[in-house]
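Quick notes on the structure that follows.
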Amino acid sequence: MKLSHIRLLVPNVRECFMFYRDILGLEVLYGNEDTPFAEFKTGDINIALEPAIVSNPIETLRNPHEFCVNDQAALIFRVDDVDATYDQLKSRDVEFEKKPHDTPEWGMRVAYFRDPAGNLIEINKGI
């Protein structure tokens, strides 16, 4: 696994986007002030911004236990094969919150689990 970026789950992507771009002067890799997702180059590991409610907001409001609604950050690891990594981690008793699945809107195959402190971790690979 290779740490590719840290995703900050923020309540106001636009405000945070302008902070990281205009105040910190980070290079924009993806997005602008009007997109729901943005990514900035910071060397070998990038910073990404995404709304704190990452799924459909209406559904999240109906289901207050959405798996990441209370998270503020996620560690994102790029892997060669999401399903093989999932199987390997499951064999080591890792409990996944979201099994491997495709996210065509992002062009990724992903799975989610947590470390012992409760930090959200995503493994992914482009599809």
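The values are calculated or read from the model by the stated rules, or taken from the named source; none is laboratory data. Everything quoted here is computed from the prediction, not taken from an experiment. Cβ atoms come from the backbone with ideal geometry, glycine included; neighbour counts cover every protein chain shown.
How many residues are surrounded by fewer than 18 Cβ atoms within 10 Å (Cβ to Cβ) and among the aromatic types (Phe, Trp, Tyr) if we restrict to the stretch 1-38? Residues flagged as surrounded by fewer than 18 Cβ atoms within 10 Å (Cβ to Cβ) and among the aromatic types (Phe, Trp, Tyr) within the stretch 1-38 amount to 3. Take the stretch 9-24 and flag every residue that is over 17 Å from residue 42 (Cβ atoms) and over 16 Å from the mean Cα position of the chain (by Cα). Hits for the stretch 9-24 are 14, 15. Number of residues in the stretch 5-50 that are under 24 Å from residue 70 (Cα atoms) and touching a residue at least 12 places away in the same chain (Cβ under 8 Å): the value is 28. Per the conditions (1) surrounded by fewer than 13 Cβ atoms within 10 Å (Cβ to Cβ); (2) at pLDDT 90 or above, the sole criterion not satisfied by residue 47 is (1). Among the residues of the stretch 1-33, those identified as farther than 27 Å from residue 81 by Cα, outside any strand (DSSP E or B) and of a type in the set (A, V, I, L, M) are 13, 18, 23, 24, 26.
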